[in-house]
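Readers should treat all values here as calculations from the given coordinates under stated rules, not as data from a laboratory. Everything quoted here is computed from the prediction, not taken from an experiment. Neighbour counts run over all protein chains shown; Cβ positions are idealised from the backbone, glycine included.
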Amino acid sequence: MTSVHFLSLTNEWATPNEVYLALHREFNFTLDPCSTHDNAKCAQHFTINEDGLSRNWGSNMVFMNPPYGREIYLWMKKAHESSLNGATVVCLVPARTDTKWWHEFAMRGEIRFLKGRIKFSGGKTNAPFPSAIIVFRAQNLVICEPTYGTEANK
């Protein structure tokens, strides 16, 4: 008999309060782009109907616990791209180091592996997978114009 170790009826895992609060003390979050109205961690938040992927995250301090299904690739891409445009994005994700999204995006951020397996809010047992925090810090991309005619260029 084959057992399935990573099967879930949902791809949404509500963030444990203790994990969020520890990170919030460090980052002071202003946006939760993938939540429900019931589990939103910030006053400014987007639900599935409000489509956080299509929204501009601006220069917010973003806490992101994305859906853990195939669409996680799109969320991690959005998180990384938003950091290049001025947002700091802190992601709670499964530590799936063998995936394409991990290598293309997570490895570009600051990686913090969580010890043990966390128990998501509403869960009866701990998660069947390890978790990590990925931090994409805001990049202030400044285009410098060359200065001609100065002593340094002669």
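When each of the peptides 73-82, 129-138, 110-119, 34-43 is scored by how many other beta carbons lie within 10 Å of its residues on average, the order from highest to lowest is 73-82, 129-138, 34-43, 110-119. One chain, two ends: Ala43 and Arg70. Fully extended at 0.36 nm per residue, the span grows by 7.0 nm beyond their Cα-Cα distance. Taking a straight line from the alpha carbon of Lys77, these lysines sit under 24 Å away, with near neighbours fewer than eight places off in the same chain left out: Lys41, Lys100. Each label point was placed 7 Å from the Cα along the Cα-to-Cβ direction; for Phe27 and Met107 their separation is 2.2 nm.
Tell me, what is the FRET efficiency for Phe129 and Arg55 to the nearest 0.05, using R0 = 25 angstrom and their Cβ-Cβ distance as r? Intermediate results must be reported in sequence, preceding the final value.
Details: r = 28 Å, r/R0 = 1.11.
The calculated FRET efficiency here is 0.35.
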